[in-house]
Amino acid sequence: MSNDNIIEIKEISKSFNSHRVLKNLTLEIKRGSTLVVIGRSGCGKSVMLKHIVRLIEPDSGKVFIDGQDIWKMGERDIFALRKRMNMVFQGGALFDSLTVGENVGFELIEHDSISESQLFDRVEEALSLVGLSGISNLTPSELSGGMKKRVALARAICTNPEILLYDEPTTGVDPITADSINELIVSLHDKLKVTSIVVTHDMKSAYKIADRIAMLYQGQIIAEGTPSEIQNSDHAIVHQFINGLAQGPITETVEHFR
Amino acid sequence: MLGQVKENLLTRFRDSLYFLGGLSNLAAQSIYWMFVPPYKRKRIFEQAKKAGVDSLPIVLLISFFIGVILAFQISYLMARLGSEMYIASVVALSLVRELGPIITALVVAGRVGAAITAELGSMQVTEQIDALETLATNPVKYLVVPRLIALALMLPLLTVFADMIGILGGWLICVMKLGISSRLYLNITFDSLLFKDLFTGLSKTIFFGMIIAWVSCYEGFNVEGGAEGVGKATTKSVVTSFILIIACDCFFTALFYFIFP
């Protein structure tokens with residue numbers, strides 16, 4: 001087991017109601033790097049992320065984090081792993097019975113005995129990183145969609161995790177906010193050496209933040225490489241996707257299936 | 001035709017087995033997590049307020065009506081039998097042993113159980129339950145355990161109030177309408193109630209509370225398909241709670257009948 005890879009996904013398959021979403025998917029993520037997974041909506045990107053955080057059990061195949069099979073861990077190890085890893089959900093998934101501050105500081109309040117003022121500082125720090133300081137007394141229902149997403153991001157970074165998973169962090173936010181989210185991901189990568197997996201179909205964002213880009217298509221990784229390798233790929237499917245063309249092999253096969 | 005009926009019945013049967021399996025699994029998990037620290041008392045109080053204090057007015061109102069109805073119906077029967085003396089004891093016994101517990105449980109299942117399913121179901125469809133897990137928090141411990149403890153504690157308390165108000169309703173009718181003296185009515189009531197009547201009446205409500213918590217949380221966790229799914233799950237949660245509460249009541253009544261003859 002090479003020490004370089006923090007996450008290894010080995011040949012996982014998953015079906016929902018006889019629809020195969022992932023087919024023998026294999027992927028490795030290097031420690032401290034940012035991997036962007038691109039693919040069309042509904043191609044299984046979120047399902048893949050949920051396999052990494054142990055929310056979905058694969059039908060076959062294994063997921064290793066730091067060389068450990070996450071489905072063979074005990075209660076204690078899972079807890080320790082969950083504390084090192086956070087995920088930003090597509091719709092934010094903020095707890096609407098709690099205030100913004102309680103959401104952001106959720107893990108600290110639940111698991112760490114820190115003082116009220118320390119907690120306040122940590123929450124404000126995380127919120128200011130996403131450009132939203134001073135809103136900790138609002139409730140999630142008072143926020144716009146883009147703000148919810150940024151609060152969710154603040155909640156994920158509040159405990160300084162080693163691994164961060166983002167499910168479409170820039171979808172549905174305005175271009176300026178999208179760019180500041182990109183910059184935040186880059187700075188977490190540069191300064192704190194956070195390992196990130198970002199699922200997106202926003203190519204601009206992908207080129208900006210990625211160390212490597214992988215393309216998921218029909219449940220498999222069909223291409224992986226540095227942003228420039230992907231950009232210059234002569235793979236027809238990759239070419240169609242990254243250039244956003246309506247005509248090409250992807251749309252043809254979809255029509256075939258129907 | 002017959003084949004289809006048989007197949008339908010088999011599917012139904014299999015689904016109920018799945019349901020009972022899932023429910024028992026959740027029940028076992030919630031009991032396990034109840035004893036794993038840290039214990040957060042604040043969350044139990046919050047739920048106890050929602051389930052107990054906030055349900056009190058409607059439980060009181062309904063049990064008052066039941067007491068009044070019972071007094072009228074029983075006085076009719078007793079008049080035919082010529083034994084009006086027993087109205088008070090029949091009202092008290094039927095309320096304390098049976099009607100108080102079951103009415104309280106059904107009201108709480110409809111009011112609190114439905115709310116729990118809707119809340120947890122919405123959390124499920126908006127990925128908040130997944131988010132809990134990624135934030136290193138077990139959803140059963142965080143969501144189910146406080147509700148389970150709160151309901152198991154609040155149901156017996158609510159039942160005590162229901163019993164008292166029901167007896168008050170019966171007293172009102174008998175004294176005002178039927179001309180039985182207030183003193184005599186109360187004397188007969190307290191003479192006829194034994195400790196075992198109170199014990200059997202109240203102890204089963206602890207289980208009713210746990211059934212409501214388990215069923216409503218289970219249905220909430222297993223919501224599929226957005227807002228429509230939440231609606232369906234809420235209906236199913238209330239119906240299932242009703243059936244299980246009454247089945248459980250039947251079991252306990254039979255059990256107590258033989259234990260405390």
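Answer yes or no as to whether A:Thr171 is away from every other protein chain (no Cβ under 14 Å) and not in a helix (DSSP H, G or I). So A:Thr171 passes the test.
Scanning region A:82-96 for residues that are surrounded by fewer than 19 Cβ atoms within 10 Å (Cβ to Cβ) and more than 8 Å from every other protein chain (Cβ to nearest Cβ) yields a total of 1. Quick one: A:Gly219 ticks every box in (1) at negative phi; (2) modelled with pLDDT under 90; (3) away from chain B (no Cβ under 14 Å) except a single one, so which number is it? Condition not satisfied by A:Gly219: (1). The criterion of at least 3 residues that are at negative phi and of a type in the set (A, V, I, L, M, F, W, C) is met by the following helices (runs of 4 or more DSSP H) wholly inside region A:66-166: A:75-84, A:106-111, A:116-129, A:145-157.
Within region A:2-59, can you find the residues that are of a type in the set (D, E, K, R), within 18 Å of A:Gln90 (Cα to Cα) and without any contact (Cβ under 8 Å) to a residue 40 or more places away in the chain?
Applying the first criterion (of a type in the set (D, E, K, R)) to region A:2-59 yields A:4, A:8, A:10-11, A:14, A:20, A:23, A:28, A:30-31, A:40, A:45, A:50, A:54, A:57, A:59.
With the extra rule that they be within 18 Å of A:Gln90 (Cα to Cα), the set shrinks to A:40, A:45, A:50, A:54.
Once the filter is applied, which keeps residues that are of a type in the set (D, E, K, R), within 18 Å of A:Gln90 (Cα to Cα) and without any contact (Cβ under 8 Å) to a residue 40 or more places away in the chain, region A:2-59 yields A:Lys50, A:Arg54.
Here the condition is being at pLDDT 90 or above and either over 20 Å from A:Leu35 (Cα atoms) or within 7 Å of chain B (Cβ to nearest Cβ) (or both); of A:Gly61, A:Gly74, A:Gly101, it holds for A:Gly101 alone.
Out of B:Ala28, B:Ala48, one residue alone is small (Gly, Ala, Ser) and without any contact (Cβ under 8 Å) to a residue 60 or more places away in the chain. It is B:Ala28.
So which of A:Phe79, A:Phe120 ends up being away from chain B (no Cβ under 12 Å), surrounded by fewer than 16 Cβ atoms within 10 Å (Cβ to Cβ) and over 23 Å from A:Val173 (Cα atoms)? Being away from chain B (no Cβ under 12 Å), surrounded by fewer than 16 Cβ atoms within 10 Å (Cβ to Cβ) and over 23 Å from A:Val173 (Cα atoms) holds for just one of A:Phe79, A:Phe120, which is A:Phe120. The helices (runs of 4 or more DSSP H) found wholly in region B:81-159 and carrying at least 1 residues that are away from every other protein chain (no Cβ under 14 Å) and touching a helix residue (DSSP H, G or I) at 6+ places or on another chain (Cβ under 8 Å) occupy B:87-94, B:100-108, B:114-125. In the set (1) surrounded by 18 or more Cβ atoms within 10 Å (Cβ to Cβ); (2) more than 18 Å from B:Trp214 (Cα to Cα), the condition left unmet by B:Glu119 is number (2).
Listed here are the residues, each with its yes/no results for (1) away from chain B (no Cβ under 14 Å); (2) under 16 Å from A:Ile213 (Cα atoms); (3) outside any helix (DSSP H, G or I).
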| site | (1), (2), (3) |
| --- | --- |
| A:Glu11 | yes, no, yes |
| A:Leu22 | yes, no, yes |
| A:Leu35 | yes, yes, yes |
| A:Arg54 | no, no, yes |
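Is it the case that B:Ile116 is among the β-branched types (Val, Ile, Thr) and either within 15 Å of B:Gln47 (Cα to Cα) or within 19 Å of the chain's Cα centre (by Cα) (or both)? Taking the combined requirement at face value, the residue satisfies it.
Do the conditions hold for B:Ser63, that is, is it part of a helix (DSSP H, G or I) and under 18 Å from the mean Cα position of the chain (by Cα)? So B:Ser63 passes the test.
Among the residues of region A:47-72, write down those that are of a type in the set (D, E, K, R) and buried (at least 20 other Cβ atoms within 10 Å of the Cβ).
Step one: filter region A:47-72 for residues of a type in the set (D, E, K, R), giving A:50, A:54, A:57, A:59, A:62, A:66, A:69, A:72.
The answer is A:Lys50, and nothing else.
Got a number for residues in region A:154-187 being in contact (Cβ under 8 Å) with a residue 40 or more places away in the chain, within 18 Å of A:Gly32 (Cα to Cα), out of contact with any helix residue (DSSP H, G or I) (no Cβ under 8 Å at 6 or more places or on another chain) and of a type outside the set (A, V, I, L, M, F, W, C)? Going through region A:154-187 one residue at a time, the tally reaches 0. Can you say whether A:Asp190 is free of Cβ contacts under 8 Å to residues at least 12 places away in the same chain and of a type outside the set (S, T, N, Q), as far as the supplied structure shows? Yes: the conditions hold for A:Asp190.
The values are calculated or read from the model by the stated rules, or taken from the named source; none is laboratory data. Keep in mind that what you see is a predicted model, and the values were worked out from it rather than measured. In this analysis, Cβ positions are derived from the backbone assuming ideal geometry, glycine residues included, and neighbour counts consider all displayed protein chains.
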